[in-house]
Amino acid sequence: MKKTVKCILALSLSAFMLGSLTSCKGSNDNNAVTESAVSADLTGVWVGTGDEISTFTFNSDGTCSDVAGDVSVKGTYTVDAASGTVTVHEEEYGLTFVYNYTLSGSDLTLQMNNGLPRTFKKK
């Protein structure tokens, strides 16, 4: 039962995020040139603030996780500093999420197109 609930939550979250992505992809063909595997500024553990309940971890090897309670999404990420985006490739269902990101000291904001901002503080 717990696995079923976890799967339903993960699919619901993924479907919501995927719906938000439909207008996120741009026509920039230079992503391969400006995209890097990791960003030293993003690397680390980010704890949700305000209404955000997730803890997002960006590892220096290009892997990441987004954990909210017993629901965990794992994958890899790349950063395009020129456009201010981080792209997360979720591994279990093969979904891709593109976030605009803003760093201000130890504060991180991730926002998908037309989505609510997700705010974090570096641990």
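For region 84-123, filtered to residues that are surrounded by fewer than 16 Cβ atoms within 10 Å (Cβ to Cβ) and among the small types (Gly, Ala, Ser), the residue that is nearest to THR49 (Cα to Cα) is SER106. Return yes or no: is GLY94 on the phi > 0 side of the Ramachandran plot and over 9 Å from the mean Cα position of the chain (by Cα)? Yes.
Output the residue which, of all residues in region 39-79 that are among the acidic types (Asp, Glu) and closer than 14 Å to LEU110 by Cβ, is surrounded by the fewest Cβ atoms within 10 Å (Cβ to Cβ).
ASP51
Bear in mind that the values in this text are calculations on the coordinates, not laboratory data. Note that this is a predicted model, so its numbers are computed, not measured. Every residue, glycine as well, gets a Cβ built from its backbone with ideal geometry; the counts of neighbours run over all protein chains shown.
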